[in-house]
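One structure, as structure tokens, below. Some questions next.
The values are calculated or read from the model by the stated rules, or taken from the named source; none is laboratory data. Bear in mind that the values here come from a model prediction, so they are computed numbers and not experimental data. Neighbour counts run over all protein chains shown; Cβ positions are idealised from the backbone, glycine included.
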Amino acid sequence: MQFANLLLVRLLQTVVVIWVVVSIVFVVSRLIGNPETSLMPWDATNEDYERIREKLGLNDPLIVQYGKFLGDAVQGDLGFSYHRTGPAIDIVADKVLGTVKLTAAGLIVALGLGLPLGVLAALRRGSPMDWLARLVAVFGQATPSFWLGLMLIFFLATKVSWFPTAGAEGFRSLVLPAFALGLLSAAGFMRLTRSGMIDVMNTDFIRTARAKGLNERTVIMRHGLRHALIPVMTILGIELGRLIAGSVIIEVVFSWPGIGRLMIESILQSDYPTVQAGLVVIAASITLGNLIVDMTYRVIDPRIRMAAL
Amino acid sequence: MAAHAEAAIEIEARRSWGRSYFTRRYLLVLPPMVIMVLFLIGGIFADVIAPGDPGQTHLLSRLEAPVFSGGTSEFPLGTDHVGRDIWTRIVHGARVSLIVVAIVVPGAALFGTAVGMFAGWRGGIVGQLLMRYVDVQLALPAILFAVLLGAVLGASLRNVIIILLVWTWTVYARLIRAEVLSLKEREFVVASLAAGGSNWWIMRKQLLPNVFNTIVVVMTLEIPIVIVAEASLSFLGVGAPVEQATWGRMITEARNYLTHAWWVMWMPGLALMLVALSGNLVGDWLRDLLDPRLRNLG
């Protein structure tokens, strides 16, 4: 019962978030920008401008425009792209898979690098391994992702041609962008796993597990790591959002065909319907991602199942 | 709860590393501090350190190598694709970053703290609405809204500053609100209320001093974030205008010369990375010193 209530509340929150996003884009594009100037050729006459304003409904009072726009949006109609052919939402939908691939790969890098490094660093505190992990954490946190991406291209795609410099053809082209995207989150996961493991390895139930003769591997993996993963789960939702946000710049650096690059291009072309559609999709996926992580978390850790929001 | 556990772990870790921990920590934080000071000096005295015009092109000496890589001392760090002196541009780029930081960080701290204090102390519907807005903004990719604003407002340093202010104030608001909410329940605040202390007096004399460390620590940690954000905006083409030398724009323009003139991209990139790294290390150090509870801020 409580679970269902919670789900309902969170879904409502998602709707509110999307509404706020759509409204922000509406205000920014209609109040500050001039959609029609970006559509017209440079030699357009005043009558041409008048015609296009009439056609797009830009002569109506703002509140009417807003109402019409919201009404259309609720029915899934986010308008036609100004610069590409077709409904904005279809253009965005075309690029969803690219961003999903990149984000998933980034998450795999983040977890695949962060968790083992964190565990090793915790088990051998003060060792070279620990220092290496800390170094990765510090650099991962401080290096701007676009600069990291360019360095990776410089060393691994131009100095030695192990990976392509850009594009999205095959698995090899995914490696560099995924790494550039995932390193920041890897640093976060590493730090959390490390402190979690240090914490848990001193507890009584680990001593018991050792005392009953389990081998160290089982103690660490089955008893220790499982416990240390709880805080990692907590920030997984936040990190997922960060990865989606980070993919915007990474897609530009690596010319990766995804929503982020489409959005940047559309923003620079003042193609507001596409921008709107893109932001709605991104906002929805971040909030829904958070929701899924939250729900999984509650299933995994029964202790917080009864807690409020 | 997690924060307490982590703090306890850290204290234990420090003990196990021996008494020299703090001295060692000082030595470790010294180089980044020096870099930050150099960044500060470079930004303030840009005209003295690099008196040339950062936009001056030398079409006969395009893509010239730095002095340590076979170039001449006329262009110590080499030149870019239109023959502009990279050293001059980096120093003047530092000035742009510094101006942005000097306005955005205190500005966002002031506004965010005010909102956080209000939402924590008075709350009410307005406070709730403000915090919901903060939640929404923090949950969404700020970079997209920043680029949108940048594209609509147009390229200028003033607009970059506006964008970054809008981008960063929410962090302070959320943290300060949480702190005020817990301070509100503390006995000394309750006692002041009971003794008839005015809201204004309590905020000024009791809440502000208690959240001051948090503000200072977050401001320090925000310095590298703002620098990188400004560079990212320039990199995406919505930062400061073309005629202004910024690190982000230098890196973007250098992308096409990556293979045959490495220095064009590496010099501004290294400057950016060094300053971001140093800012982070100094911020971490200050946080451990002043406010270790913020450790799990990430």
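If you go through segment B:113-152 one residue at a time, how many are more than 28 Å from A:LEU11 (Cα to Cα), small (Gly, Ala, Ser) and in contact (Cβ under 8 Å) with a residue 24 or more places away in the chain?
Looking only at that region, the number is 2.
Is there a residue being away from every other protein chain (no Cβ under 14 Å) and part of a helix (DSSP H, G or I) anywhere in segment A:10-20? So that I can check it myself, show each step before the final result.
Here is the first cut: in segment A:10-20, the ones away from every other protein chain (no Cβ under 14 Å) are A:11.
Then drop every residue that is not part of a helix (DSSP H, G or I), which leaves A:11.
Yes, segment A:10-20 contains at least one residue that is away from every other protein chain (no Cβ under 14 Å) and part of a helix (DSSP H, G or I).
Here's a check for you: in segment A:182-229, which residue that is more than 14 Å from chain B (Cβ to nearest Cβ) and among the acidic types (Asp, Glu) is farthest from A:THR103 (Cα to Cα)?
Start the filter on segment A:182-229 by keeping residues that are more than 14 Å from chain B (Cβ to nearest Cβ), which leaves A:182, A:204-226.
So of that shortlist, the ones also among the acidic types (Asp, Glu) come out as A:204, A:216.
Details: A:ASP204: 38, A:GLU216: 34 Å.
Within segment A:182-229, the match that is farthest from A:THR103 (Cα to Cα) is A:ASP204.
Follow-up question, since we're still on this one. How many of the residues in segment A:257-270 are in a loop (DSSP other than H, G, I, E, B) and surrounded by fewer than 24 Cβ atoms within 10 Å (Cβ to Cβ)? Walk me through it before giving the result.
Of all residues in segment A:257-270, those in a loop (DSSP other than H, G, I, E, B) come to A:257-258, A:269-270.
Among the residues that remain, those that are also surrounded by fewer than 24 Cβ atoms within 10 Å (Cβ to Cβ) are: A:257, A:269-270.
Residues meeting the conditions: 3.
Identify, from the list B:GLY298, B:GLY279, B:GLY283, the residue that is of a type outside the set (Ser, Thr, Tyr), under 16 Å from the mean Cα position of the chain (by Cα) and at pLDDT below 85. Steps first, please.
Numbers: B:GLY279 fails: at pLDDT below 85; B:GLY283 fails: at pLDDT below 85.
So the residue among B:GLY298, B:GLY279, B:GLY283 that is of a type outside the set (Ser, Thr, Tyr), under 16 Å from the mean Cα position of the chain (by Cα) and at pLDDT below 85 is B:GLY298.
At the interface with another protein chain (Cβ under 7 Å from one of its Cβ atoms) and within 13 Å of the chain's Cα centre (by Cα), is that true of A:VAL248? Give the steps one after another, and end with the answer.
Details: at the interface with another protein chain (Cβ under 7 Å from one of its Cβ atoms): yes; within 13 Å of the chain's Cα centre (by Cα): yes.
It is true that A:VAL248 is at the interface with another protein chain (Cβ under 7 Å from one of its Cβ atoms) and within 13 Å of the chain's Cα centre (by Cα).
Among B:VAL216, B:VAL282, B:VAL264, which is the only one that is more than 14 Å from every other protein chain (Cβ to nearest Cβ) and not aromatic (Phe, Trp, Tyr)? Don't jump to the end; show me each part of the working.
On the way: B:VAL282 fails: more than 14 Å from every other protein chain (Cβ to nearest Cβ); B:VAL264 fails: more than 14 Å from every other protein chain (Cβ to nearest Cβ).
On inspection, the qualifying residue turns out to be B:VAL216.
Continuing with this model, one more query. For segment A:97-129, how many residues are surrounded by fewer than 21 Cβ atoms within 10 Å (Cβ to Cβ), within 13 Å of chain B (Cβ to nearest Cβ) and in contact (Cβ under 8 Å) with a residue 60 or more places away in the chain?
1
Here is a yes/no grid of residues against (1) among the hydroxyl-bearing types (Ser, Thr, Tyr); (2) touching an Asp or Glu at 6+ places or on another chain (Cβ under 6 Å); (3) modelled with pLDDT under 85:
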site	(1), (2), (3)
A:VAL136	no, no, yes
A:GLN141	no, no, yes
A:SER145	yes, no, no
A:MET151	no, no, no
A:LYS159	no, no, yes
A:ALA187	no, no, no
A:PHE205	no, no, no
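Right, next: Can you tell me which residue in segment B:228-251 is farthest from B:VAL160 (Cα to Cα), limited to those that are more than 9 Å from chain A (Cβ to nearest Cβ) and among the hydroxyl-bearing types (Ser, Thr, Tyr)?
B:THR246
What is the number of the single condition among (1) away from every other protein chain (no Cβ under 13 Å); (2) surrounded by fewer than 15 Cβ atoms within 10 Å (Cβ to Cβ); (3) among the β-branched types (Val, Ile, Thr) that A:THR158 does not meet?
Of the numbered conditions (1) away from every other protein chain (no Cβ under 13 Å); (2) surrounded by fewer than 15 Cβ atoms within 10 Å (Cβ to Cβ); (3) among the β-branched types (Val, Ile, Thr), the odd one out for A:THR158 is (1).
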